[in-house]
Each structure stands twice: as C-alpha cells, then as structure tokens.
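FYI, it's all coordinate maths here, none of it is from the lab. Everything numeric here is computed off the predicted structure, so don't read it as measured data. Neighbour counts are summed over all protein chains in view; Cβ atoms, including those assigned to glycine, are modelled from backbone coordinates with ideal geometry.
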Amino acid sequence: MKPSRMLDDRLSRTIVRTMGADDDLSAPAEADIARLAYSYWEARGEKGGSPWEDWFRAEQELLRRRDL
C-alpha cells in the first residue's frame, strides 16, 4: 500500500472515531441569531455597539449552548 494511502486511511478512521453520529454540524438558524443579537442591543438601552459584534457574539453563544 502506498504511504499516502495509509495516511489517508488513518485520517479517515480518526475522523470517524472523533465525530459521533449525533453531532450537529449545522450553524444556528439566522432567526435565532438575529433575536439574540437584537436582545443584546436592547440590553444596551438601544444605543451604541456594533450590529456585527452583536451578531457574532450571538452566534457564538448559540453554538456554546448547543455543545453543552
């Protein structure tokens, strides 16, 4: 067997063992991210901040919650 083929086989087996069948690899729904990001803006008194930062913060928070 070629060395590159052996490496590919080992990598494939490692990935299969690491990832479970129930792992959710999808991103949070945009509507959920938008709702949470909007709540951050409301919590600031509907002033200041960055919509992009709120969006990314909300996305990360939803990913974190899903992984718990």
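Values computed for the structure shown
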| item | result |
| --- | --- |
| Hull-based mean projected area of segment 24-68, where the convex hull spans the alpha carbons, in square nanometres | 3.1 nm² |
| Two-site label geometry, A34 and R57: point separation in nm, points 7 Å out along Cα→Cβ | 2.0 nm |
